[in-house]
Ligand SMILES: *Cc1c(COP(=O)(O)O)cnc(C)c1O
């Protein structure tokens, strides 16, 4: 089968919800992906923030191979070693107290929402709680997570969604505070908005929200599904702000490439929310994915990945600054650590497409942001190569 036949034959069987680029990937090595024609692509997307350790890391794949031979699945009716190890590793990395493993980011959000509702129900004995979410947020595609996603484009065909979600302006304290009432049970936000266009929370905003929540007995849910697990330069971005959420969601990079998410809570929330029978999942936290979580987090610690991200971030940002200075259509750059975006007035989709022709994988975010989420192991040479490639791509638009 040639490439075109392969693509049309694939599309014949798959529900058309993605407009895929006509690239057939075959394997990956380090910070590069290779297609079936053995063309090489520098990866500045990490499979949307997943492949933090890059591709084909020998220690990681070896651990997974051992686990495949040993035990794949048992259900959550029993204990197993990787579950113990991953639970300990996630609590240590996040500073949270109790964790629940899910199969995706959206499911982590679902669990977080249920936890917040149950907490309010037990604490205040009422129902019909409201949750304040942010405009331009993204929390997932399931009905609950969509209900707190502040983007009408994703929501419009699916009403009625979950009741009780209200929207406020991110980084605008008054906008949030003015939505709080006696029914508010939680405020949910990304510490760094990802899909919405790479907007980090302002420090004063996040700290004031934390105080507001403490004062009113409202739970703060931070969604770090994209910005967590080392990407910001801290294991979790909130750790840079000197605060702690009541509920934290994570996924994407958590398992280094296998489908796994989690939500984690404080002891106070754990003691006053979900009880046996309130929540569950068949696959969640199975031996394969928890072995992957434990291995990824151990390798990140051993290799001091957050130190590397912090050390390389100024170099990364200088390149973005140079591009913004040299091209009129590049308006500004913003981000934190290895989660960066450039605001463009040329069509971002075209830039991403040209990137593939040039051998670099890029992402978009919002309508006008070129988003970069390189593997956290990206070195100076990779950033230089990105600089060269983006210069060539931008020149073609100038
Ligand atoms: C990707 C993402 C999600 C949804 O995760 P899925 O694994 O795709 O369900 C939720 N929140 C944020 C911030 C994300 O980036």
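Read the figures in this text as sums done on the coordinates, not as results from a lab. All of these numbers come straight from a predicted model, not from anything done at the bench. Backbone-built Cβ (ideal geometry, glycine too); neighbour counts: all protein chains shown.
Odds and ends about this structure:
- The modelled label-to-label distance for the pair residue 268/residue 68, using points 7 Å beyond Cα in the direction of Cβ, is 4.5 nm.
- Label separation (residue 175 vs residue 9): 5.0 nm, computed from points 7 Å beyond Cα along the C-beta direction.
- Segment 68-124 and segment 246-311: distance between their alpha carbon centers, rounded to Å: 7
- Estimated [θ] at 222 nm from DSSP helical runs (n ≥ 4, -39500 (n - 2.57)) normalised by residues in the chain, nearest 500: -12500 deg cm²/dmol
- Whether segment 4-146 is rounded, prolate or oblate, judged on the alpha carbon gyration tensor where a/c under 1.5 counts as rounded: oblate
- Two-decimal log10 I(q)/I(0) for segment 71-302, as the Debye equation yields it once each C-alpha is a single scatterer, q = 0.09, 0.12, 0.15, 0.18 Å⁻¹: -0.34, -0.61, -0.97, -1.39
- Under the Debye formula (equal points on every Cα, no solvent term), log10 I(q)/I(0) of segment 226-356 at q = 0.10, 0.12, 0.14 Å⁻¹: -0.48, -0.66, -0.83
- Between 340, 179, 81, the Gaussian network model of the chain with springs among Cα atoms under 10 angstrom shows the greatest mean-square fluctuation at 81.
- Average Cα contact separation per residue, the chain, under 8 Å, 6 or more apart, as relative contact order %: 23
- Global form of segment 327-382, assessed from the alpha-carbon gyration tensor, a/c cut-off 1.5: oblate
- DSSP-defined beta bridges in segment 71-302 - what % are antiparallel, rounded to 5: 40
- Averaging over all projection directions, the Cα-based convex hull of segment 197-293 occupies 7.6 nm² in the image plane.
- Likely footprinting exposure, 386, 336, 250, fewest C-beta neighbours within 10 Å first: 336, 386, 250
- Expressed per residue, the C-alpha convex hull volume of segment 132-250 stands at 92 Å³.
- Exposure proxy shown here: for 260, 31, 23, the number of other Cβ atoms within 10 Å sets the order, fewest to most, as 23, 31, 260.
- Relative to the 2.2 N^0.38 Å rule of thumb, the chain has a C-alpha radius of gyration ratio of 0.99.
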